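Quick notes on the structure that follows.
Only the coordinates and a few stated rules stand behind these numbers; no lab work does. Being a predicted model, the structure only gives us computed values, none of them experimental. All Cβ positions, even for glycine, are placed from backbone atoms using ideal geometry, and neighbour counts span all protein chains on display.
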């Protein structure tokens with residue numbers, strides 16, 4: 001991604017911590033919750049990889065294609081799970097947003113080399129995703145405030161960890177989308 005190296009590394013740290021907390025949470029979940037935690041871990045680690053400052057590590061030209069394929073597969077998985085009533089549609093939106101960012105950063109989306117566009121204003125899809133994530137973060141954050149402590153399952157089994165992870169990744173998406 002583009003921008004300050006300090007901001008980029010802070011974003012990487014946030015996404016790695018969110019991905020790691022999702023992996024920890026996966027160990028204490030069962031059924032659909034286990035799959036959702038794994039999907040969120042993939043999203044967190046993928047966002048961390050995409051957020052590494054370009055001034056430090058320039059991804060190979062094929063790297064963006066790999067991101068697009070990985071998150072395209074994640075989108076198909078989210079669509080399949082949503083069909084069965086499993087994951088909530090947010091996973092599908094998140095995976096598709098990652099595909100969109102990977103394509104835009106590769107220059108294939110009309111944004112030019114490395115995602116630097118010469119257009120003025122915010123592209124429609126980017127603006128819609130920013131609005132979606134702004135609303136999502138506010139709604140998830142409000143639900144996070146009154147959550148009670150878990151009853152016996154330990155800190156990794158409580159609903160507040162999942163909400164905190166989702167709020168963190170939503171904020172990371174809000175930071176990454178304007179760079180597209």
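The stretch between residue 56 and residue 32, if pulled fully straight at 0.36 nm per residue, gains 4.9 nm over its current Cα-Cα span. Here the mean projected area of the convex hull built on the C-alpha positions of segment 1-63 is 4.5 nm².
Approximating the spin labels as points 7 Å out from Cα along Cα→Cβ, the residue 17-to-residue 174 distance works out to 1.7 nm.
Potential lengthening of the chain between residue 135 and residue 88 amounts to 15.3 nm, from the contour at 0.36 nm per residue minus the alpha-carbon distance. Using only the C-alpha atoms, the convex hull of segment 12-99 corresponds to 79 Å³ per residue. Where the centre of each part is set by its Cα atoms, how far does segment 15-53 sit from segment 65-102, in angstrom? Spelled out, the Cα-based centre of one part sits 14 Å from the other. Extension gain for residue 5 to residue 122 (0.36 nm times residue separation, less C-alpha to C-alpha distance): 39.8 nm. Counting every other Cβ atom within 10 Å of each residue's Cβ, 58, 126 order from fewest to most as 58, 126.
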